[in-house]
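In what follows, a single structure is set out as structure tokens and then discussed.
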Amino acid sequence: MPSSALSRYDRLYGKTILELPISINVPPPEIQELDAANSSRSSVRSGDLRRAEIPNAHEITEDVARAALLSHVQKKCCYGASAAKRMNIVKISPSSAFHYELQTFTEKRETSWAFTPYGGGNIDSSEFGDPPTPWDITVEPELLFHNEVKVMEVPHTATVKHCHRCHGAGSLLCHQCHGKGWTPCLTCHGDGWRTDSHGRRDLCFYCHSSTHGHGKQDCLKCNARGCVACPTCDGYGQIRCFIRLTITWSTVTAEHIVERCSLPTDLIKQVSGQVAFEEEGPRVLPIVTFPDATINLASIQLTKEHLAAFTDQRIVAQRQQIRIIPVTQVSYEWKSYSGIFVMLGFENRVHCPDYPQSCCCGCSIL
């Protein structure tokens, strides 16, 4: 190849299609650490967060708690409503759960050789310039934090080569007739003659007009030619090879939940809450001044893990959020049974796995 840059690609990916790996992940160039502007932004962010206070717990009255439990019971086919109506609510204990979420939007670039049949036309070869490296090509995602894949041809990497399957012939041996152009007639068993019920012999109707003689039927797959057009090059004998760039944008989410009622984590993620803090930018710094120390430790650990996890990808953007979910634990007594149920979120969703008046164990407890 005339270009030294394209030769580097050939040395990296092989000079023939048969030598090529399927795909090569190309790491992004090294980026500098957070600059002074980000550090200044983080100090302002931390000061605002330090002054923020956890809001007061969601106030729940006895009537509201009983109504929420009755609504929950009505959705269960085998739950009785009398327990919810007549139970004695002993204590209502409001609290909060914290849901921390970190999202990292990454970009991965992979290159591989690709080819298409070549029947003539212009070729964007290295004669028109040196091929750019994968990360020198400017491509932007449609939306941040939305998974997306784009495939494109790397400029100035195209070249024309003989087809690796047919070796430039443009055709392949027909596997139906093994290159002969004919198959034995199944009606006369290759004899060319048929005998009727009266013993008279006549030429076989099915093969008497064959171009290869009596007793032989023209191969329908290759039209009696003995070869078929090569599907790889469409019969042209040449292919246009180029380097294909595949760009994948994906969102990786890490979460940490702090709660004290042994609730299912999926349930806490589903209910509504108050957003206490959120931030988005090219990079986010760990949260260290939230009133709950466990959230601070989780933020430090998860942001550190994300920065270390994507060494072969580029981090396009990050965002983090802290939600405060109201949680209310209700203690009750019904007959000789004592138990608790929990209400979550502003919608007062009930979690009551040990409801005292149920007739089977097959219902969902959420």
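For segment 140-286, rounded, prolate or oblate, judged on the Cα gyration tensor with a ≥ b ≥ c (square roots of eigenvalues), a/c < 1.5 rounded, else prolate if a/b > b/c?
Because a/c hits 1.5 or more and a/b fails to exceed b/c, segment 140-286 counts as oblate.
Among the lysines, which fall within straight-line cross-link reach of Lys221, defined as a Cα-Cα distance under 30 Å, with same-chain neighbours fewer than 8 residues apart omitted? Within reach: Lys161, Lys180. The Thr138 and Ser112 beta-carbon pair, evaluated with R₀ = 30 Å, returns a calculated FRET efficiency of approximately 0.90. The C-alpha atoms of segment 253-366 occupy a region whose extents along the principal axes are 60, 30, 21 Å, arranged from largest to smallest.
Each label point was placed 7 Å from the Cα along the Cα-to-Cβ direction; for Thr289 and Leu70 their separation is 4.8 nm.
Taking 0.36 nm per residue of separation and subtracting the Cα-Cα distance, full extension of the segment from Cys359 to Ser95 would add 91.9 nm.
Taking square-rooted eigenvalues a ≥ b ≥ c of the alpha carbon gyration tensor, is segment 171-229 rounded, prolate or oblate, where a/c under 1.5 means rounded and, failing that, a/b exceeding b/c means prolate? Judged from the Cα gyration tensor, segment 171-229 comes out prolate (a/c at least 1.5, a/b above b/c).
The accessible surface of segment 171-229, taken with every protein chain in place and a 1.4 Å probe, is 52 percent carbon and sulfur.
Quickly work out the Leu297-to-Val316 label distance, labels modelled 7 Å from Cα along the C-beta direction, and quote it in nm with one decimal. Going by the 7 Å Cα→Cβ label model, 3.5 nm. Based on Cα atoms of segment 264-304, Rg over Rh with Rh as the Kirkwood radius reads 1.00. The length gained on full extension between Arg165 and Arg200, counted as 0.36 nm times the residue separation minus their Cα-Cα distance, comes to 7.5 nm.
The values are calculated or read from the model by the stated rules, or taken from the named source; none is laboratory data. Just so you know, these numbers come straight off a predicted model, no measurement behind them. Quick reminder, even Gly has a Cβ in these numbers, built from the backbone with ideal geometry, and neighbours come from all protein chains shown. Protein only, heavy atoms only, side chains kept; ligands, DNA and RNA dropped before computing areas. Shrake-Rupley method; radii C 1.70, N 1.55, O 1.52, S 1.80 Å.
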